[in-house]
Amino acid sequence: MDTTFKNPSYQKKLEELRKNLGKLLPEDALTVFDADATALQEQHRAILQVAVGDKASDFSLSNASNETIVLSKLLQRHKVVLVFYRGTWCPYCNLQLAHYQKALDQLHAYGAKLVAISPQTPDESLSIKEKNALDFEVLSDNGNIVARNYTTVFKNGDAPITTMTGLGLDFDAYYSDDSRELPVPAVFVIEQDGTIAFAKTEGGDYRNRVEVSEIIATLKN
């Protein structure tokens, strides 16, 4: 089987997304979001809470169908690629998950199951799953309880939330609590014995995401 990933890189697709956002969003709104991303890159340096070689913390979370998914049970049959993202409203999260969806066959070929986690409600998890035709589990981590064991969690700023409101998006409606906390996007590959084989974030600047080719290279090796 040819398991070489041949689809365009995330960075390539990001260039297209940025051009589209420039046409869809008012210039002042995009300026606020970009300033927020740049500031988060400066604020968050030591992001990952676990490293390669550590044991992954077990968890039980609800999926988009309100079924309980347990990490340790998944690991009985597969390696797990764990992805922490922000929410349905985030265009970069949608781009990342759609990008990973296109590589799903390659991930499966190396014995891995892809699982994405955000603090969104199960209804919003279902929304992003349907929007991007995702064939992998999308889990709801209310309060970022699980995320805190893997990556940094921070309170979203007033400026981006106010700007979202001006665009007709109700940030709080996506979540079950009012903490306004989000995880810094990060990706982990967990071996069947629970050992973390890959742990990476592209930093607080949420516009950048881990390339799926790096994940596949880890699984392959």
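Would you grab the residues whose amide H sits under 5 Å from the one on Q120? Only those 5+ places off in sequence or on another chain, please, with H modelled 1.01 Å from N.
Correct list: D141.
If contacts are Cα pairs under 8 angstrom and at least 6 residues apart, what is the relative contact order of region 160-214 in percent?
On the way: 46 pairs, mean separation 12.5, N = 55.
RCO, region 160-214: 23 percent.
Across region 141-146, in residue order, what do the Karplus-derived ³J(HN,Hα) couplings come to in whole Hz, using 6.51 cos²θ - 1.76 cosθ + 1.60 with θ = phi - 60° and x for Gly and Pro?
10, 4, x, 6, 4, 6
Counting only heavy atoms of the protein chains, get the accessible area per residue of the chain (1.4 Å probe) and round it to a whole Å² value. Don't skip to the answer; put the middle values down first.
Numbers: 10220 Å² over 221 residues.
So the chain comes to 46 Å² accessible per residue, rounded to a whole number.
Semi-axes of the equivalent ellipsoid of region 152-203: what are they in whole Å, largest first, if each equals the square root of 5 times a C-alpha gyration tensor eigenvalue? Before the final figure, lay out the partial values.
Details: eigenvalues 195, 29, 17 Å².
They are 31, 12, 9 Å, listed largest first.
Students often forget the sequence filter, so: which aspartates and glutamates lie under 15 Å Cα-Cα from K13 once same-chain residues fewer than 8 apart are removed?
Hits, sequence-local ones excluded: E211.
Could you give log10 I(q)/I(0) at q = 0.15, 0.17, 0.22 Å⁻¹ for region 110-209, computed by the Debye formula over C-alpha point scatterers of equal weight, without solvent?
Reported log10 I(q)/I(0), two decimals: -0.71, -0.90, -1.41.
What is the helix-to-structure angle for 27-43, meaning the angle in degrees between its Cα long axis and the longest Cα principal axis of the chain, kept from 0 to 90 and rounded to the nearest 10?
50 degrees
Quick one: compute the contact order of region 77-123, relative version, from alpha carbon pairs under 8 angstrom and 6+ residues apart, as a percent. Can you show the working numbers first?
Working: 40 pairs, mean separation 28.4, N = 47.
Relative contact order for region 77-123 comes out at 60 percent.
In terms of modelled amide H atoms, which long-range or inter-chain residues lie less than 5 Å from the amide H of F59?
Sorted by chain and number, the residues that satisfy this are L71, S72.
Taking the highest mean first, how do the peptides 201-213, 126-138 order by number of other beta carbon atoms within 10 angstrom per residue? Display every interim value, and only then the final one.
On the way: 201-213: 20.8, 126-138: 17.6.
Descending packing order for the listed peptides: 201-213, 126-138.
Quick one: Karplus J couplings for region 55-63, per residue in order, coefficients 6.51, -1.76, 1.60, θ = phi - 60°, nearest Hz, x for Gly and Pro?
Result, ordered by residue: 8, 6, 6, 6, 7, 10, 9, 7, 8 Hz.
How large is the direction-averaged shadow of the alpha-carbon convex hull of region 26-87, in nm²?
6.9 nm²
Report Rg(Cα)/(2.2 N^0.38 Å) for the chain, keeping two decimals.
Values: Rg = 16.7 Å, N = 221, 2.2 N^0.38 = 17.1 Å.
Scaled against compact globular proteins, the figure is 0.97.
Can you list residues from other chains, or at least 5 along the same chain, whose modelled amide H is less than 5 Å from the amide H of A186?
F84
Among T152, T218, L97, whose Cα lies farthest out toward the positive end of the dipole of region 71-221, if unit charges sit on the beta carbon of Lys, Arg (+1) and Asp, Glu (-1)?
Positive-end residue among those listed: T218.
Using only the alpha-carbon atoms, what does region 10-134 span along each of its principal axes? Please give whole angstrom values in decreasing order.
49, 33, 28 Å, listed from the longest principal axis down.
When only C-alpha pairs under 8 Å and at least 6 residues apart count, what is the relative contact order of region 19-112, in percent?
Details: 30 pairs, mean separation 13.6, N = 94.
After rounding, I find 14 percent.
Kindly rank 37-47, 93-103 from highest to lowest mean number of other beta carbons found within 10 Å of each residue.
Numbers: 37-47: 14.0, 93-103: 20.5.
Ranking the peptides 37-47, 93-103 by packing returns 93-103, 37-47.
Among the lysines, select those whose C-alpha is under 19 Å from the C-alpha of K73, and discard any that sit fewer than 8 residues away in the same chain.
Partners within reach: K55, K113.
The values are calculated or read from the model by the stated rules, or taken from the named source; none is laboratory data. Being a predicted model, the structure only gives us computed values, none of them experimental. With ideal geometry, Cβ positions are generated from the backbone for all residues, glycine too; neighbour counts draw on all protein chains shown. SASA here: full protein model, heavy atoms, side chains in, ligands and nucleic acids out. Shrake-Rupley method; radii C 1.70, N 1.55, O 1.52, S 1.80 Å.
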